[in-house]
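Colleague: Below you'll find the structure I mean.
The values are calculated or read from the model by the stated rules, or taken from the named source; none is laboratory data. Note that the coordinates shown come from a computational prediction; the quantities given were computed from them, not determined experimentally. Cβ placement follows ideal geometry from the backbone for every residue including glycine, while neighbour counts extend to all protein chains displayed.
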């Protein structure tokens with residue numbers, strides 16, 4: 001590559017990373033949190049003792065939900081996956097405010113604080129406009145990845161080289177390149193699917209009046225399928241048993257896994273239930289893969305599937321399961337493995353972004369101007385502080401009494417730990433490095449959270465599921481290990497301008 005072109009790519013890669021790197025790290029970290037959200041929900045709940053080996057019937061769970069004040073006339077039920085116990089009831093306007101143990105029928109504590117980072121990733125707490133804004137960072141990630149790929153030498157010896165004994169800066173530079181090259185397919189998938197997730201929905205919303213001038217909502221009917229029958233206003237005399245309906249559906253479509261039940265006009269003669277799920281071999285979501293049954297007689301009214309659409313529509317539908325690591329359509333065995341790999345690549349993307357920001361801060365360390373000190377400190381405070389805040393949240397969900405876990409205290413702790421970490425990074429004297437302190441605090445919080453979780457389960461006479469605990473211990477090790485590197489590394493005194501050689505571009 002010619003030097004002017006290489007210099008332009010270097011400025012594009014470094015400038016975009018410096019300008020958007022902090023927000024990109026926040027979105028990547030919260031995206032990884034979203035991937036682990038369901039597992040963290042199960043991990044944070046106290047151990048439950050059940051003598052039943054089979055789950056309660058759906059009809060019985062509906063009765064318990066009614067007793068808890070849930071309006072079941074138009075309720076949606078989210079069924080648990082493998083290894084999960086919570087059955088969640090969602091009302092059209094009240095949200096998902098009740099989760100029952102599928103074996104005992106007892107109400108499980110609501111852990112709304114775990115949804116904070118999930119909502120941050122999906123919409124920045126701003127609804128649909130925030131979703132579109134988040135999608136724009138998919139384009140930023142795509143630009144950074146492509147520019148980094150073109151800057152890399154792409155020689156075989158450089159694809160495996162990590163010079164850990166040549167100083168912190170060179171070690172991080174090699175690590176940045178290794179992650180960028182080996183994780184490039186996943187980074188590309190994160191970027192493309194993330195960009196189309198919000199921008200595609202915006203395009204559908206804007207173009208529907210053009211495609212259907214007389215009835216713009218017809219675009220969504222063609223995409224999602226016809227709505228359920230309207231209520232007749234006449235009470236139903238007999239309704240089919242829901243569990244028998246689920247069993248019949250499983251025999252009728254053995255390649256279809258039900259994940260959601262959506263009831264419409266319960267108690268009415270035209271009442272219906274929509275079974276949403278995933279079909280084997282077809283990347284899609286519960287909004288498109290659905291079986292609609294009439295409750296009065298169990299008659300199948302509608303079979304919806306993304307397979308009924310054209311190639312480009314199916315590609316658009318596949319964006320969500322690919323972006324959020326929903327691989328159940330490949331089978332239960334592959335789903336867990338690929339989801340774990342998906343999460344690992346998400347965390348690797350966080351490390352890629354953090355290492356790039358740290359290298360940017362190191363290059364500015366010798367500059368005496370105030371912004372050369374404050375801006376890198378702010379980056380360390382925001383990124384490292386988010387890690388501390390997330391670890392503190394997990395620790396609080398194990399340390400606090402059950403009545404406080406379900407309240408707003410853990411959420412306030414998350415925001416307080418994040419703000420406190422940022423303040424600490426800004427007020428520390430210059431010879432001190434805030435990042436090692438923050439990483440050490442986050443790692444210790446993860447270790448303590450795992451210890452409290454194991455103690456709670458063993459004290460209840462049960463052996464805990466160890467997947468989440470082992471994952472958190474690995475994260476704690478990865479957080480504490482760089483502390484040793486960072487504290488041993490001398491503070492940068494002189495940083496020459498980056499030359500245009502193969503060893504000076506991340």
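Colleague: Sort out which residues of region 417-439 are outside any helix (DSSP H, G or I) and either touching a helix residue (DSSP H, G or I) at 6+ places or on another chain (Cβ under 9 Å) or within 12 Å of residue 385 (Cα to Cα) (or both), and write them in order of number. Step through it out loud before you land on a result.
Modeller: Going residue by residue through region 417-439, those that are outside any helix (DSSP H, G or I) are 428-433.
Once the filter is applied, which keeps residues that are outside any helix (DSSP H, G or I) and either touching a helix residue (DSSP H, G or I) at 6+ places or on another chain (Cβ under 9 Å) or within 12 Å of residue 385 (Cα to Cα) (or both), region 417-439 yields 428, 430, 433.
Colleague: Something else about it: Mind listing whichever residues of region 250-265 are more than 17 Å from residue 78 (Cβ to Cβ) and touching a strand residue (DSSP E or B) at 6+ places or on another chain (Cβ under 9 Å)?
Modeller: First, the residues of region 250-265 that are more than 17 Å from residue 78 (Cβ to Cβ): 250-255, 265.
Of everything in region 250-265, those that are more than 17 Å from residue 78 (Cβ to Cβ) and touching a strand residue (DSSP E or B) at 6+ places or on another chain (Cβ under 9 Å) turn out to be 250, 252, 253, 255, 265.
Colleague: So, one more: Go through 273, 302, 278 for me and flag whichever is outside the structural domain of residue 55 (by TED's automatic domain parsing), touching a helix residue (DSSP H, G or I) at 6+ places or on another chain (Cβ under 6 Å) and in a strand (DSSP E or B). Quick ask: steps written out before the conclusion?
Modeller: Working: 273 fails: touching a helix residue (DSSP H, G or I) at 6+ places or on another chain (Cβ under 6 Å); 302 fails: touching a helix residue (DSSP H, G or I) at 6+ places or on another chain (Cβ under 6 Å).
The match here is 278.
Colleague: Would you mind telling me which numbered condition in (1) closer than 17 Å to residue 186 by Cβ; (2) not in a helix (DSSP H, G or I) residue 407 fails?
Modeller: The one condition residue 407 does not meet is (1).
Colleague: (1) surrounded by fewer than 18 Cβ atoms within 10 Å (Cβ to Cβ); (2) under 30 Å from residue 48 (Cβ atoms); (3) touching a residue at least 24 places away in the same chain (Cβ under 8 Å): which one isn't true of residue 420, the others all being true?
Modeller: In the conditions (1) surrounded by fewer than 18 Cβ atoms within 10 Å (Cβ to Cβ); (2) under 30 Å from residue 48 (Cβ atoms); (3) touching a residue at least 24 places away in the same chain (Cβ under 8 Å), residue 420 misses (2) alone.
Colleague: Out of 313, 303, 337, report the one residue that is within 21 Å of the chain's Cα centre (by Cα) and either more than 30 Å from residue 25 (Cα to Cα) or surrounded by fewer than 19 Cβ atoms within 10 Å (Cβ to Cβ) (or both). Let's see the steps before the verdict.
Modeller: Details: 313 fails: within 21 Å of the chain's Cα centre (by Cα); 303 fails: within 21 Å of the chain's Cα centre (by Cα).
Residue meeting the stated conditions: 337.
Colleague: Give the residue, chosen from 11, 38, that is under 24 Å from residue 91 (Cα atoms) and part of a helix (DSSP H, G or I). Give the steps one after another, and end with the answer.
Modeller: On the way: 11 fails: under 24 Å from residue 91 (Cα atoms).
38 is the lone residue from the list that is under 24 Å from residue 91 (Cα atoms) and part of a helix (DSSP H, G or I).
Colleague: Do we find that residue 358 is part of a helix (DSSP H, G or I), touching a residue at least 60 places away in the same chain (Cβ under 8 Å) and not assigned by TED's automatic domain parsing to the domain that holds residue 190 in this structure? Please lay out each step first, then the result.
Modeller: Working: part of a helix (DSSP H, G or I): yes; touching a residue at least 60 places away in the same chain (Cβ under 8 Å): yes; not assigned by TED's automatic domain parsing to the domain that holds residue 190: no.
No, not satisfied.
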